[in-house]
Structure formats: C-alpha cells, structure tokens
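Note sheet for the following structure.
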Amino acid sequence: MRYYLILIVLGLFPPSMLGTNRTKISLNGNWEFKQMGQSHWLPAQVPGCVHLDLLRNKKIPDPFFRDNETKLFWISEKIWEYQKVFYLPSNWQIGQTKRIVFEGIDTYAGIYLNGEFLGEADNMFRSWEFKTNRLKAGRNIIRVVFQSPVQVSDSLARNASIRRPCENNRHYSRKAQYHFGWDWAPRLPTSGIWRSVYIANNEDRIYPSARYAPVKLIQEKDSIGESFYFTVEGKPVFMRGANWIPGDVFLPRMTPARYRQLLIAAKQANINMLRVWGGGIYEEDIFYDLCDSLGIYVWQDFMFAGAMYPADSGFIQSIREEVTQNILRLRKHPCIVLWCGNNEIDEAWHNWGWQNQFQLSASDTAFLWREYRQIFHELLPDLVNQFDPQRNYITTSPQIGWGRKESMTQGDSHYWGLWWGLQPITVLKEKVPRFMSEYGMQAMPNWSSILKYSIPADWDTSSLVMKVHQKHPTGYSTLANYLQQENLQVKNFKEFIVATQEIQHRVIKTAVEAQINSKGRCMGSLFWQFNDCWPVCSWSVVDYYGGRKKGYYTMQNAYKQAAK
C-alpha cells in the first residue's frame, strides 16, 4: 500500500517541488496555449514563443521556408493565452508571501494566478516579479494573456502627441527591434514566455558584484584628431571583431549548444571583440560566460536603434528598470568592456534628413532632441556610473556620421560609402578611421544552406522566394553593381552565390589590411555582421545554418596577421 501512495505523491508533486527546504520551484516545461476566443488548448513549451508552439503543433508551416514569412504576419495581430496547472505540497510554506518571477516576457501580458490578476508586463528586456500569498496546497493554475505587439505599438503611436522618426512603430515597444523587420531580418513579431519562470521565496534578489574589467576605452586629443582605442592591462590592443545580432528570430531556439557553436567559430576566426548590436537583445548569460572563457571582449549596446524613442515618465521608468537590471546582471562578466547608449540614432538625427522626412517643426525638433539627451546623455550614463562605474560609456555609435570628414579622425565610424554609397572596394584603402565599428558587404548563404529553405523553382534572384530572403530594398541590384565593378561575370544562380562571396572576401581583405597597416591610426575593425537570425542574403560571414562563407576564412587569416 505504501508503494502506491509514493507513486501517487510523486505523480502529483514532481521531485523538483518536493521538500520544505527548496527556495525555488520551476514553472518551465509543459504549458497549454490557444488563440483568444477559441476553446481548444494545445500543448506549449516554456521558455518558448507562440510561433514555435504553433509550428510544433503543425498549425503553421516553417516560417523560414520559401515565402512562408509573408503568410504568417496574422499571428502577431492576435491575442494568445497561455496557462499551466501545477501542484504544491501542503508543507511548502503555503500562505506565506511568495514571488512569481518571469525572467523574460515578450512583451505585453497580463498575469493571473488562480483567477486573480497579479499584474502586467510591457518590457521584454527585464524580469518581472509578482508577489502573492494566494498559492494553495494542491492544484494551482497560472495564466498569461498576451496582447498583439503590433496593435499595442500602433495604438501607442496613434495616441502620441508628436510624430517620432522611425520606419514603423517599433520604437514605442520595449521589445527586440529586429522582430519588426530589418534589412536582414523578417517581420515576425512574436509573443511568449521567452525566458524561465519560477516561484521563489519573498526575499530580495541579490546581484553579483561588478568584476574587474581589464577594459578601458581611451579617447584623447592627438595629432590626427581624437583617439578611440582599447587598452588591456594598460597596453593598447587592436580589436579584431564583428557585430553580433541575435542568433534566431525565435529566441528560445538559441540553446547553449548553438551559442557555443557560434562563439567557438568567432574564436577560431581570431576574433577578440564582438559588438552586441542595439536592435537585438541583452544576451543570455551563457553568451557572456562563453565570451569570458574564450577571451572575447564585448562592446555592449543598450537596446535602442535607429529611431527617436519616447521619454515620457512611464517610458523613462521602464527604461530605468530595464537598464538597471541588465547592468546588475551583466557587470560580473569581465568580457564586457564598454556600454554604448544606442545604434546610429545620433547619426540619423544629424545626417539622414529625418526633420524633413517626418515634417518636424522647429519646436518638435527641439523637443525630440531634448528627449534624446534625457535618455542617452543623462539617464543611461547616470545608471552606468551608479552600478558599473569602472566601465566606460559612450552615448551612441557611430559618434560622427560617415559622410563627414571628422568620422575618419575621431571617434568610431560606421563606414557605408561602400554599399550604400556604391563606392568601389578600393575606397577602403583611403577610408581608415580611428576605430571601424561597422562596415560590410552582403553575400549569399552557402549553397547547402539555400537548399534548406528553397526548391529549384526559386533559384533565381528575381523569384518571389529569393526576394523574400533579401530584406535590403536594393540588395540584389547593389550586389550586381559590385559584380560589375569587380568584373565578375555570372551565368547562373550558383555562380552568383560564389561571386557574391568573392566580393565579400575582397571587401574584408582590403579593409582589414588597410586598418592593420595604418600604424596605429585605426585600432579596431568590427565587420558587419558575424551571424544571421534566419536564412537570408545578408552581410553575415556565418549564415543561419552555421555555414561559413568565404569571407569568414578571409577574416580568419587577416585577423591572424593582426594578432601577431
């Protein structure tokens, strides 16, 4: 009889929930989900997201295959419900106040416990904690209702008192900006419990202390203009690197094994710095753990890119909590050597013609710039100084736009005269800045990768499928221009693939050699970009499926020389 009782107890209370000494109970694993208004619940996984759960239940086709992306935007416009039934033993301090902790909720959600409303979440980049004394012995049910990120963002934009420059309304949401589409990313804004969730005792979370950063960023006036270089243990080091974007559109697919595969590939390419780009996410702990162990320094952007963000009291408070949490979480990692406020907003404001494009009045222009300064010149540096004062902070990258001569003599530079300006590859021999934090050239993925998302009928750049997997508005025509400049003739699609990778190889070789041979004028080369978030023609040197393009090996050889 005792044997059967043990089985029954173990069935109700998994080993992770037994015992009075446990201070944390995981709620990861099996959940259920459904579209609001429907009656049938489907199995779900947490951490996860709605697209992956629909795919796992065979309710949608693979979003990355052929042109399926264009058929699945409806998912982002619906309301989705998630729930989990879990059981607690009677001796687990029932009746005491506990915390239900979500390490990451993407993005707009209401949380309910046993039918009681606990609170709301509206920021993907932070953890959320809800205190409750309503947990019961035996059966409990937690439910999370996700609003459409697209509809919420659009509603916030409609109700705003001023038009804020951006290509869509992504900047009203504290959500990974690339989810709304980029010139290398699909438009697949998703929802879900994307990081772990658990029940914990009601004590404050303790964050690790800051670790010694070996670094420092040196910006000093000199005979050229102003330096921009890093020292390690006091010695100047040429930073050999690339820009890192999220490794998947659907972030819960980024397993430790996938992080390890990509970061080992970076180490094998003789990379010693990765810039975590500001339109993605604050990466998982495993990313920084691996960078620590591999000796890869991290330039860490805060998550703002290419838009004028709100600075009303509610938004400021959301940013404050987000940034505080992430500094406290990440400051223990010696790999982090720089905090950067944003990607390309200062340059866009001064050089992209936003004031005319968005028909901003003089008063609106002044108002938006004051808000910009409030976030990036006041709030963020204050938080860095408060919680991680030993590390450097810069307001934006680049500090001066590529169309101005000062971009070659001071600060870091994003040089896009190559590609956007259609300038010849040889221009990279002349355009040698103090620190090249972005430059690049597109190349097609490897042939073995293309076979995974297309069929023979698609093998032409004019096909619908190849257009879907090219997100830059003039991508193929720009590549054709460079093929002509470099006198590379192609007769078919396979030759086009090879030729684009040859172009990328020539760009990397020309640029890195010029930068290394600049006799200290330039002290860093961060190629755009290292990896991909889906299968696409992009600037990456490692495609979504892990295929290494010719440019990867060029980078590997060039950085090997730079490391000597």
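The values are calculated or read from the model by the stated rules, or taken from the named source; none is laboratory data. Since the model is a prediction, treat every value here as computed from it, not as a measurement. Neighbour counts run over all protein chains shown; Cβ positions are idealised from the backbone, glycine included. We work out accessible area using only protein heavy atoms, side chains counted, and drop any ligands, DNA or RNA first. Shrake-Rupley method; radii C 1.70, N 1.55, O 1.52, S 1.80 Å.
Scanning segment 421-451 for residues that are over 24 Å from MET523 (Cβ atoms), in a loop (DSSP other than H, G, I, E, B) and within 23 Å of the chain's Cα centre (by Cα) yields a total of 3.
Of the helices (runs of 4 or more DSSP H) lying entirely inside segment 463-564, the ones with 1 or more residues being within 25 Å of ARG434 (Cα to Cα) are found at 493-516, 550-563. Can you confirm whether segment 396-411 contains a residue that is under 21 Å from GLN504 (Cα atoms), small (Gly, Ala, Ser) and within 26 Å of the chain's Cα centre (by Cα)? Scanning segment 396-411 turns up no residue that is under 21 Å from GLN504 (Cα atoms), small (Gly, Ala, Ser) and within 26 Å of the chain's Cα centre (by Cα). Taking every residue in segment 356-383 that is within 17 Å of GLY306 (Cβ to Cβ) and pairing it with any residue that is surrounded by 12 or more Cβ atoms within 10 Å (Cβ to Cβ) and at pLDDT below 95, at least 6 positions away or on another chain, the pairs with Cβ-Cβ distances below 8 Å are PHE358/ARG163; LEU360/ARG163; LEU368/ILE162.
Please verify whether segment 223-231 includes one or more residues that are among the β-branched types (Val, Ile, Thr), closer than 24 Å to ASN326 by Cβ and open to solvent by 20 Å² or more (accessible area, probe 1.4 Å). No, because not a single residue in segment 223-231 is among the β-branched types (Val, Ile, Thr), closer than 24 Å to ASN326 by Cβ and open to solvent by 20 Å² or more (accessible area, probe 1.4 Å).
Quick check, is LEU274 within 30 Å of GLY403 (Cα to Cα), within 15 Å of the chain's Cα centre (by Cα) and assigned to a strand (DSSP E or B)? When the stated conditions are applied, LEU274 passes them.
Counting just the residues of segment 110-134 that are within 21 Å of GLU284 (Cβ to Cβ) and not basic (Lys, Arg), which one comes out surrounded by the fewest Cβ atoms within 10 Å (Cβ to Cβ)? Restricting to residues being within 21 Å of GLU284 (Cβ to Cβ) and not basic (Lys, Arg), the top hit is GLU129. Restricting attention to segment 146-202, the residues that are open to solvent by 10 Å² or more (accessible area, probe 1.4 Å), within 18 Å of GLY48 (Cβ to Cβ) and outside any loop (DSSP other than H, G, I, E, B) add up to 1.
Of the candidates ILE296, ILE286, ILE319, ILE264, the single residue that is within 26 Å of HIS377 (Cα to Cα) and modelled with pLDDT of 95 or more is ILE319. When ILE508, ILE455 are checked against the criterion of being of a type outside the set (Asp, Glu) and closer than 29 Å to PHE250 by Cα, ILE455 stands alone in meeting it. Scanning for something under 21 Å from LEU118 (Cα atoms) and at pLDDT 95 or above, does segment 57-65 turn up at least one residue? No. Is it the case that segment 212-225 has a residue that's aliphatic (A, V, I, L, M), part of a loop (DSSP other than H, G, I, E, B), modelled with pLDDT under 95 and in contact with a Pro (Cβ under 8 Å, 6 or more places away or on another chain)? Scanning segment 212-225, I find at least one residue that is aliphatic (A, V, I, L, M), part of a loop (DSSP other than H, G, I, E, B), modelled with pLDDT under 95 and in contact with a Pro (Cβ under 8 Å, 6 or more places away or on another chain), so the answer is yes.
Would you please list the contacts, defined by Cβ atoms under 7 Å and residues six or more apart or on different chains, that run from a residue in segment 91-108 that is within 16 Å of LEU251 (Cα to Cα) to a residue that is open to solvent by 10 Å² or more (accessible area, probe 1.4 Å) and assigned to a strand (DSSP E or B)? Qualifying pairs under 7 Å: PHE102/TRP128; ILE105/TRP128. Among the candidates TYR198, TYR282, which residue alone is touching a Ser or Thr at 6+ places or on another chain (Cβ under 6 Å) and of a type in the set (Ser, Thr, Tyr)? So the residue among TYR198, TYR282 that is touching a Ser or Thr at 6+ places or on another chain (Cβ under 6 Å) and of a type in the set (Ser, Thr, Tyr) is TYR198.
Filtered by the rule that a residue be in contact with a Phe, Trp or Tyr (Cβ under 6 Å, 6 or more places away or on another chain) and not acidic (Asp, Glu), segment 112-124 gives LEU118, GLY119, ALA121. The sole residue among TRP420, TRP416 that is closer than 15 Å to VAL507 by Cβ, among the aromatic types (Phe, Trp, Tyr) and surrounded by 15 or more Cβ atoms within 10 Å (Cβ to Cβ) is TRP416. Going by the conditions given, is VAL85 of a type in the set (A, V, I, L, M) and within 29 Å of PHE302 (Cα to Cα)? Judged against the criteria, VAL85 is not a match.
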